[in-house]
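The values are calculated or read from the model by the stated rules, or taken from the named source; none is laboratory data. Given the structure is predicted, the values throughout are model-derived calculations rather than measurements. All Cβ positions, even for glycine, are placed from backbone atoms using ideal geometry, and neighbour counts span all protein chains on display. Calculation scope for accessible area: heavy atoms of the full protein, side chains included, ligands and nucleic acids excluded. Shrake-Rupley method; radii C 1.70, N 1.55, O 1.52, S 1.80 Å.
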Amino acid sequence: LSFKMDFLHRNGVLIIQHLQKDYRAYYNFLNFMSNVGDPRNIFSIYFPLWFQLNQTVGTKMIWVAVIGDWFNLIFKWILFGHRPYWWIQETQIYPNRSSPCLEQFPTTCETGPGSPSGHAMGSSCVWYVMVTAALSNTVSWMDKSSTTLHRLKVLLKSIFWLIQISVCISRVFIATHFPHQVILGVIGGMLVAEAFEHTPGIQTASLSTYLKTNLFLFLFSLGFYLLLRLLDIDLLWSVPIAKKWCANPDWIHIDTTPFAGLVRNLGVLFGLGFAINSEMFLRSCRGENGYKLSFRLLCVVASLTILQLYHFIKIPTHTEHLFYVLSFCKSASIPLTVVALIPYCIHVLMTPSEKKID
């Protein structure tokens, strides 16, 4: 097994060197595609857009993203995957310490284990949900045997794979993943998304279900971590190695640590549970205004605008535990804002004007 992994790593390094040599001019595009696959963009861009247009798809998107990222964390802990930018410095397979040179970038130095790729997994599961939803809605109002429908299916599937390949290449290009890690990520994301295609119960999940799911995900992760610590297996082994071999200390960010992603996802799911079961949501999105296109479009614009302002809220990183608590609160506020607060405010603003017209 060790020989096979060395083979994958060594050939992966050759691919990275080739990409960095021949595609350096496309860095800006590749960096953009890396951001497209960033799990954080799922909550700040894809979710607010889709939820206001189709609540079923938006809700499914959150569940798929959270559960997919949770599985990603567990598999990272199990597989102990190295990242290229530190593996070339730690491995002993290169003679006379003649390690190949890999260029690093501001987004290279992620601190968690590398396999499977979280960006590739998050991108594939969310885009799988979006493309599947688009195909499902199209089939419902078009003739199944029409040429136009067939062409649309081909187009949507082509877009899906084009985005996934671009995200994978970008992650390999910046030397934060080996090729086999991004491939595993894409496959894992699609499997999670497909599983939720056959799980209709999440659309009617109660607040209790959200809280129990959150508690299970947290306790399982914590229990798994503590169990392996008792067996003298440090699941945070990658953090000091990442700090050691990162070319620029400023490129190391606490929000790339394994627990940062877990806390962020738990916060989002927690916030969604409260928002969907809130009185504000029932009065606005499930009320009379919720069926109006003008109301939904206003909610989309307001949500995307306000969530962009969230990027200016910087959480202090000097205390790790405080960072996790504040990160949880900030993440929980995203679905609360998108699902409950903004729709309710727009609902209140629209209602008086309609009464005056009458």
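Which net charge results for the neighbourhood of Ala205, defined as the other residues with beta-carbon distances under 14 angstrom from its beta-carbon, given Lys and Arg at +1 and Asp and Glu at -1?
So the environment of Ala205 carries a net charge of +2.
For the chain, list the DSSP H helices whose alpha carbon atoms reach 27 Å or more along the long axis and whose average Kyte-Doolittle value is 0.5 or above?
Passing helices, by number: 55-79, 118-141, 147-173, 207-230, 258-276.
Determine the sum of side-chain charges near Asn265: Lys and Arg each +1, Asp and Glu each -1, restricted to other residues whose C-beta is under 14 angstrom from that of Asn265.
Within the 14 Å Cβ shell, the charges total +1.
What FRET efficiency do you get for Glu90 and Ile187 if R0 is 22 Å and r is their Cβ-Cβ distance, rounded to the nearest 0.05?
0.25
Place a +1 charge on the Cβ of each Lys and Arg in segment 1-350 and a -1 charge on the Cβ of each Asp and Glu, then give the dipole magnitude about the Cα centre in debye, rounded to the nearest 20.
Value, rounded to 20: 380 debye.
Taking R0 as 22 Å, what's the FRET efficiency between His18 and Ser158 from their Cβ-Cβ distance, rounded to 0.05?
0.30
Translational D (Stokes-Einstein, µm²/s) of segment 1-350 at 37 °C and 0.692 mPa s when Rh comes from the Kirkwood sum over C-alpha pairs?
Reported coefficient: 153 µm²/s.
Within the chain, which is the longest segment containing none of the trypsin sites (Lys or Arg not before Pro) that sit in a DSSP loop and have at most 13 other Cβ atoms within 10 Å?
1-143
Over segment 1-52, with every protein chain in place, what whole percent of the accessible area is carbon and sulfur at 1.4 Å, could you tell me?
Its accessible area is 65 percent carbon and sulfur atoms.
Suppose all protein chains stay in the model; what accessible area per residue would a 1.4 Å probe give for segment 15-140, in Å²?
38 Å²
Return, for the Cα atoms of segment 182-326, the radius of gyration and Dmax in Å, separated by a comma.
19.6, 58
Counting only other residues whose beta carbon sits under 9 Å from that of Gly112, what net charge do I get with K and R as +1, D and E as -1?
Net charge in that neighbourhood comes out at +1.
Near the amide H of His253, under 5 Å away, which other amide H atoms are found, from residues 5 or more places off or on another chain, if H is placed in the peptide plane?
none
Please work out the FRET efficiency for the pair Trp251 and Leu297, using the Cβ-Cβ distance as r and a Förster radius of 35 Å; give the result to the nearest 0.05.
Step by step, r from the Cβ atoms, then E = 0.35.
Gly114's amide H: which non-local residues (gap 5+, or another chain) put their own amide H closer than 5 Å, with H modeled 1.01 Å from N in plane and none for Pro or chain starts?
Counting only residues 5 or more places away or on other chains, the set is Gly81, His82, Arg83.
Can you flag which of Lys76/Lys330; Lys292/Lys330; Lys4/Lys157; Lys21/Lys314; Lys157/Lys292; Lys60/Lys292 are past 27 Å Cα-Cα?
Lys292/Lys330; Lys4/Lys157; Lys21/Lys314; Lys157/Lys292
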